[in-house]
Structure formats: structure tokens, C-alpha cells
Amino acid sequence: MPTYAYRCRECTETFELNRPMSESGDPAVCPEGHTDTVKLLTTVALTGTASGASDSRMPAPSGGGCCGGGCCCGG
Ligand SMILES: [Zn+2]
């Protein structure tokens, strides 16, 4: 379930809510009970999980294979 960030305009607190995407536009109530809140930019990963787990670079060419470079087949 995505996490949405909101900011309360009464106590200027920023809080997050886990709610379905279909309810992302619904009014959010701050932890203090205020209803005058605004929705911030959608940030799914706010919990600091961006540690570069998968460095998806271009895959290295698998050299040394037969019929790959046309050096040993039909030549
Ligand atoms: Zn508040």
C-alpha cells in the first residue's frame, strides 16, 4: 500500500498515511485531529530504503561463447 504524505496547516505537522491509491485524494486528518491538511508530493519510499540495492547497469557481454562472434561457426 503506498504511503502518502500530508501536511497539517493548523499545527504545520507533516505526517504520512498508508492508504489505497483510490483514497489518495480523500481528506486526511492529522494526528492531532485537524482536518485542514494538504497533500504533499507522492513519495512512496520515505523510509530511507534508497541504498542502491540493485545497480542495474548494462549487462556485460558474455564473451567466449561459440556462435556468438562468428569466429568458429561456418567459418
Ligand atoms: Zn494538525
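Readers should treat all values here as calculations from the given coordinates under stated rules, not as data from a laboratory. These figures come from a predicted structure and were not determined experimentally. Glycine gets a Cβ as well: all are built from the backbone with ideal geometry, and neighbour counts include every protein chain shown.
Quick one: putting +1 on the C-beta of Lys and Arg, -1 on the C-beta of Asp and Glu, what dipole do you get for segment 1-44 around its Cα centre, in Debye to the nearest 20?
160
Quick one: net charge around GLU16, please, counting Lys, Arg +1 and Asp, Glu -1 for every other residue with C-beta under 12 Å from its C-beta.
Net local charge, GLU16 excluded: +2.
Which residue, chosen from PHE15, ALA5, HIS34, occupies the Cα position most advanced towards the positive end of the dipole of segment 1-44, where the dipole is computed from +1 (Lys, Arg) and -1 (Asp, Glu) charges on Cβ about the Cα centre?
Of the listed residues, the answer is ALA5.
When the chain is fully extended, how far beyond the present Cα-Cα distance does THR14 get from VAL29, taking 0.36 nm per residue of separation?
Full extension of this stretch gives 4.3 nm more.
What does the charge count around ALA5 come to, taking other residues whose C-beta lies under 12 Å from its C-beta (Lys +1, Arg +1, Asp -1, Glu -1)?
+1
If amide hydrogens are placed 1.01 Å from N in the peptide plane, which non-local residues have theirs closer than 5 Å to the one on LEU40?
Result for LEU40 returns ALA5, TYR6, ARG7.
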